[in-house]
Each structure stands twice: as structure tokens, then as C-alpha cells.
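**Q** Mind having a look at this structure? Questions to follow.
Values in this text are rule-based calculations from the coordinates and carry no lab data. These numbers were taken from a predicted model, which means no experiment stands behind them. Because the Cβ atoms are built from the backbone with ideal geometry, glycine has one as well, and the counts that use them run over all protein chains shown.
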There are 2 protein chains.
Amino acid sequence: MPRTPVWKSIAETLSVEIARGHYKPGDKLPTEAELSARFGVNRHTVRHALSDLGERGIVRSRRGAGVFVQSAPVDYPLGKRVRFHQNIRATGRLPNRRVLRLETRPCDVTEAGVLALSPGENVLIYEGLSLSSDAPVAHFISIFPITRLAGLDVHLTQTTSVTEGLRAVGIEDYLRAETRVTAERTTTTQALHLGLREGDPLLHTVSLNTTLDGTPVERGLTWFAGDRVTLTVTPD
Amino acid sequence: MPRTPVWKSIAETLSVEIARGHYKPGDKLPTEAELSARFGVNRHTVRHALSDLGERGIVRSRRGAGVFVQSAPVDYPLGKRVRFHQNIRATGRLPNRRVLRLETRPCDVTEAGVLALSPGENVLIYEGLSLSSDAPVAHFISIFPITRLAGLDVHLTQTTSVTEGLRAVGIEDYLRAETRVTAERTTTTQALHLGLREGDPLLHTVSLNTTLDGTPVERGLTWFAGDRVTLTVTPD
DNA sequence: GGCGATTTGTCCGTATGTATA
DNA sequence: CTATACATACGGACAAATCGC
């Protein structure tokens, strides 16, 4: 059983403290000397941890000045309305999407049940990456009941916003009916897509969006990079 | 009369041992080689039994790692009121807690801010494990403003329910003001406590409970075993 | 701008445990 | 079993960049 290296646990500790907001973007971390005193290790070991955080884009070091927090996790509120573009823009970042797949195929049994479709009815599969200022924060697969949303596939090739795509096919508003959250490990391909290392933790959500009258419009599967996103729940 | 296949009786034996709690959720079963030695059959026969258990969702095998008991994850709703004992009981399991620490110390700056305390005022630290039918599902640290909840420490030695403890000091009801969710990896000690392997993913929540008039009564840090708990969010 | 203290970057070396050929 | 390679961790020395006075 391989023991986890000291430098790795230090990197994890610091990354969590940054994620908690203990150190905010732009803040200067303690000096390498202070950190090595705090963790009771050699300065080189701290440097190893810091260089790891640097590679992940979490901190950046400036010789003679110090090590500074580069990026903090995005706060991602789960409320009545969950809108990716809005959520990202609210943190002062630029939302974007990279499409990996856009295809139509017959639904399976669970999809039929969740989306209230007849067995074999077609669904639109929309898979891609969610970017926040060019940094990938999530891998998503959206499943739409295309038979009720004719033309959505075309609109999704023209806009990166699901909300806009739905509006173009007549859905003015929609609500988040349920979100289920679990923690998972990255698969190899997800690690590649999200720029993580294999086995890094992910927040996996399974969600259902419906129209105001309760008709399902989207089943969403999303894998958020665990150290780049904080889901927030605030009952109204 | 057709005799029951060997693989089927092996599957039945293992399934009973899991149900008895001999192997708890998250536990690693013996290797296929060990099992084939134990039952005196070929490894392929054991594989047949394990694949049967896998199809029934009782175990899950991970290449290169082993075969693991895959309990159905507990649904854990995050709403206006979040109550551990109620949530677990609602799934037909038996809730319990194991106390690791119960101590009073002066609060730090973040605690003072969150709990609306003066710097240096005392807080009660309540750390332990949350169990669902004896299987550990979470590691928690609760921080209470003990100066406003005199006697809570005594009551928490007599009940495992935070809700009951708070009622005993006059808090009849309390609300979940906010929950923040991130994904992390287990530390070595957490892996030991939760019966997970080092690096396994955790759901980490940071929460705040307040009285009806908004006075903070508990800051909670909780680490849920990622594969044993599903947090559910349903806006009212 | 100059100067010195601070801080990171880079190099030298030593020792240990683990995996692999 | 030996030999080899690699990752980890520690210790020290000095160069280069930065910042405050």
C-alpha cells in the first residue's frame, strides 16, 4: 500500500484552505520558510507542494515577492433556477462551453421514466465541457426530450447557453426540480478533459429541470472538478 | 431434480455474510484467488458468483483494486431543516454517533465571524462519526457557541442527537441557513475512521444552522463517504 | 536611484524505501 | 539475489528578483 507523500498532503491542505476562502485570489501565501516551519518539513518539500499547486493553476510564485493565490473555486448556487452562464458571470468570470457530442438517439428506460417519454422515443444528447474563463470546471451530459423541443439541436449549435437554446424553442423559464450530489473519482478521459490527475475527486450531480407546470425538459449529469467548484445550497 | 449450481451457492453465502455485516459497505472482499481457495473451486466459478452479486448491485469490482461491498447510498436531503437522525431513520436504517472529541476552547477568527461571537469567546467542539446501521457514513466536527447554549456539553454526553441536545438547552427548532459542498480526498486518519482507502473521494460540507430569528447555533463541518451518501437538493 | 533584508529559484550533496529488470 | 532506477525527504549554499526605507 503506497503511503501518500508528505508533499502531496501539504498541497492538499493548502488547496483546501484556498478553496475554503482562507486565502483569497491575489493573497500572498506564507513564505516557504514559514510553511516549512508550520508543517515541520524541509523547505524543498514545501516547494514540491507549491510547484504542484502551480501546475494546477491554483497559485503562482514570483521570485523575491512570494507565492500568490491565482484562482479560487467558483461558488455555484443550487437554487430554484440553476443557470451555468449566470452563475459563472456572477463571479466575474467568462462562461463558455466546448461541445463534445450532439446527437439524437432513442431513450433508454431510466431516461423514459425521468423525462416522461414513451419507450424508444428520441432524446437529444448534448455532451461537453463547461469553461470558466477558459478553465474547464465541469464535464456535462444533458439529455433533452427532443420530441417536445423540436429544433433545439440546431439552436445548440449556435449558442453555448442551454437557457438561450430552450428559449429559442419556446421554453421561457424552467426550474430545477431536484439535484443529487455524490463524490466520485475521475476516470482517465475525464481527467484529460478537466486537466486533473486520474483519481482526483469530482462532484457528480444528477439533476432534473422542468417547466413551470412540471414537465421535464432536461436531465443533466454533471461532473464538477472538486477543487474548482463549491456547490452552495441556501433554502429560500 | 436439478442441483443448485456451485456459483449460486457461493453467491448466496457471500451475500448472507454481507447482510450479516461480516463485510461492511466499502469493505474489500478477499481476492478472487483467496475466495477460490476458500471454497475449493476454480477462480472462474468465484468470478461467476461475484458477477452475479455485481449485477444485483451488492458489490462492485475495480480492476487492479479488488471487489468492494457496494451498499446502496443513503439519500441525505439538504433542506430548510437538516436532521441526521431523521434523515437516516427515513431510509429504514438505524442512526448512531461515535464521539471522538468533546471539548471547550476559545474560538478563532473565522468561528467568531460565522457564529457572531466576540474574539476569544468559548466554543464547544463536538467531533465524531455518524453511523448508519453501524456503518460509518460521515466524519463531523460541530462548533457551538457554548456561551449562548450553557449545559449543551453535558447533554451531548447523554444523547447522540444534536437536535435533542439543543432542545435540552432551550432551542426548540433551528434552520439550515447555508450549506457549501466540495469534493475532497480522504486524509489518512479519515480513511481509517470511515473504513475507506486513502484518497477515496469525500463530500465535504460546511454548514450553518441558526435559530428562527437568525442567531447562529451551530457551524458544521462534515465529510461524507462519497459512495455511501447522496446529498439531495430539492427547492421548496 | 541605492542598499540591504527578504524571498524565491537553482544547484550541490546525502540517505532511504520501493519497484523493476 | 543483485543491480539499477526512481521518488521521496533532508541539509546547505548561493544567485536572482523584489520590496521597503
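**Q** Measuring from label point to label point, each 7 Å out along Cα→Cβ, what is the A:Thr110 to A:Thr159 span in nm?
**A** 2.9 nm
**Q** For helix A:6-19, what angle does its Cα long axis make with the longest principal axis of chain A, in degrees from 0 to 90 and rounded to 10?
**A** Long axis of A:6-19 versus the principal axis of chain A: about 60 degrees.
**Q** Near A:Val46, within a Cβ-to-Cβ distance under 11 Å, what is the net charge of the other residues, with Lys and Arg +1 and Asp and Glu -1?
**A** In short, 0.
**Q** Taking the Cβ of B:Gly165 as the center, what net charge do the other residues with Cβ under 13 Å away carry, scoring Lys and Arg +1 and Asp and Glu -1? Write down the numbers at each step before the final one.
**A** Working: positive: B:Arg83, B:Arg97, B:Arg167; negative: B:Asp153, B:Glu164, B:Glu172, B:Glu218.
Once all neighbours under 13 Å are counted, the net charge is -1.
**Q** While we're looking at this one, here's another question. For the protein assembly as shown, what does -39500 (n - 2.57) per DSSP helix run (n ≥ 4), summed and divided by total residues, give at 222 nm, in deg cm²/dmol to the nearest 500?
**A** Theoretical 222 nm ellipticity from helices: -8000 deg cm²/dmol.
**Q** With +1 on each Lys and Arg Cβ and -1 on each Asp and Glu Cβ, how big is the dipole of the protein assembly as shown about its Cα centre, in debye rounded to the nearest 20? Don't skip to the end; give the middle numbers.
**A** Values: 58 positive and 52 negative charges, 193 e Å.
The calculated dipole for the protein assembly as shown is roughly 920 debye.
**Q** Against the longest alpha carbon principal axis of chain A, how many degrees, from 0 to 90 and to the nearest 10, is the axis of helix A:43-55 turned?
**A** 20 degrees
**Q** Given B:Ser51, A:Val82, A:Pro95, which one lies farthest toward the positive end of the charge dipole of the protein assembly as shown, if we put +1 on the Cβ of every Lys and Arg and -1 on the Cβ of every Asp and Glu?
**A** Value computed over the given set: B:Ser51.
**Q** Report the residue, chosen from A:Arg56, A:Arg38, A:Arg101, that carries the largest GNM mean-square fluctuation when chain A is represented by alpha-carbon nodes joined by springs under 10 Å.
**A** Looking only at A:Arg56, A:Arg38, A:Arg101, the largest GNM fluctuation is found for A:Arg38.
**Q** Moving on to the next point. Quote the FRET efficiency, to the nearest 0.05, computed for B:Leu102 versus A:Arg197 with a Förster distance R0 of 35 Å and r equal to the Cβ-Cβ distance. Could you put the intermediate results ahead of the total?
**A** Details: r = 38 Å, r/R0 = 1.08.
My answer for the efficiency is 0.40.
**Q** According to a simple spin-label model (label point 7 Å from Cα along Cα-to-Cβ), what is the distance in nm between B:Thr215 and A:Asp236?
**A** Label at A:Asp236, label at B:Thr215, 2.9 nm between them.
**Q** Another question about this same structure. Between A:Glu121 and A:Gln86, what FRET efficiency follows from the Cβ-Cβ distance if R0 is 30 Å, with the result rounded to 0.05? Please list the in-between numbers first.
**A** Numbers: r = 31 Å, r/R0 = 1.02.
Here the calculated transfer efficiency is 0.50.
**Q** Follow-up. Output, in nm with one decimal and in ascending order, the distances from the A:Arg197 label point to the matching label points of the other copies (7 Å from Cα along Cα-to-Cβ).
**A** 1.6
**Q** What does the C-alpha gyration tensor say about the overall shape of region A:5-66? Classify as rounded when a/c is under 1.5, otherwise prolate if a/b is larger than b/c, or oblate. Please report the intermediate quantities before stating the final value.
**A** Working: a/c = 1.41, a/b = 1.18, b/c = 1.20.
Rounded is the answer for region A:5-66, as its axis ratio a/c remains below 1.5.
**Q** Along the three principal axes, how long is region B:82-182 when you take its alpha carbons, biggest first, rounded to the nearest angstrom?
**A** 42, 32, 26
**Q** Defining the label point at 7 Å along Cα→Cβ, can you sort the distances from B:Asn42 to the same site in each other copy, shortest first, in nm?
**A** In nanometres, ordered from closest: 5.4.
**Q** Pull out a ≥ b ≥ c, the square roots of the eigenvalues of the alpha-carbon gyration tensor of region A:119-174, then state rounded if a/c is under 1.5, prolate if not and a/b is larger than b/c, and oblate in the remaining case.
**A** Judged from the Cα gyration tensor, region A:119-174 comes out oblate (a/c at least 1.5, b/c at or above a/b).
**Q** Note down the magnitude of the dipole of region A:50-115 about its Cα centre, charges +1 on Lys and Arg C-beta and -1 on Asp and Glu C-beta and zero elsewhere, to the nearest 20 debye.
**A** Values: 13 positive and 6 negative charges, 85 e Å.
Taking the Cα centre of region A:50-115 as origin, the dipole is about 400 debye.
**Q** Let me ask something additional. Any idea how far the Cα center of region B:165-208 sits from the one of region A:61-133, in Å?
**A** Taking the Cα centre of each part, region B:165-208 and region A:61-133 sit 26 Å apart.
**Q** Compare the Cα positions of A:Ser118, A:Leu152, A:Ser130 along the charge dipole of region A:104-154 (+1 at Cβ of Lys, Arg; -1 at Cβ of Asp, Glu; about the Cα centre) and return the one farthest towards the positive end.
**A** A:Ser118
**Q** Per-residue HN-Hα couplings for region A:217-222, Karplus 6.51 cos²θ - 1.76 cosθ + 1.60 at θ = phi - 60°, whole Hz, x for Gly and Pro?
**A** Using θ = phi - 60°, the values come out as 10, 7, 9, x, 10, 9 Hz.
**Q** Taking the simple approach of a point 7 Å from Cα along Cα-to-Cβ for both A:Arg38 and B:Ala177, what is their distance in nm?
**A** The answer from the label model is 2.6 nm.
**Q** Which of rounded, prolate or oblate describes chain A when judged by the alpha-carbon gyration tensor and an a/c cut-off of 1.5?
**A** On the way: a/c = 2.65, a/b = 2.25, b/c = 1.18.
Judged from the Cα gyration tensor, chain A comes out prolate (a/c at least 1.5, a/b above b/c).
**Q** What are the label-to-label distances in nm, one decimal and shortest first, from B:Arg167 to the same spot in the other copies, with labels 7 Å along Cα to Cβ?
**A** When each copy's label point is compared with this one, the spacings are 4.9 nm.
**Q** How big is the charge dipole of region A:133-236 about its Cα centre, in debye rounded to the nearest 20, if each Lys and Arg gets +1 on its Cβ and each Asp and Glu gets -1 on its Cβ? Intermediate results must be reported in sequence, preceding the final value.
**A** Details: 8 positive and 13 negative charges, 43 e Å.
Result for region A:133-236 is approximately 200 debye, rounded to the nearest 20.
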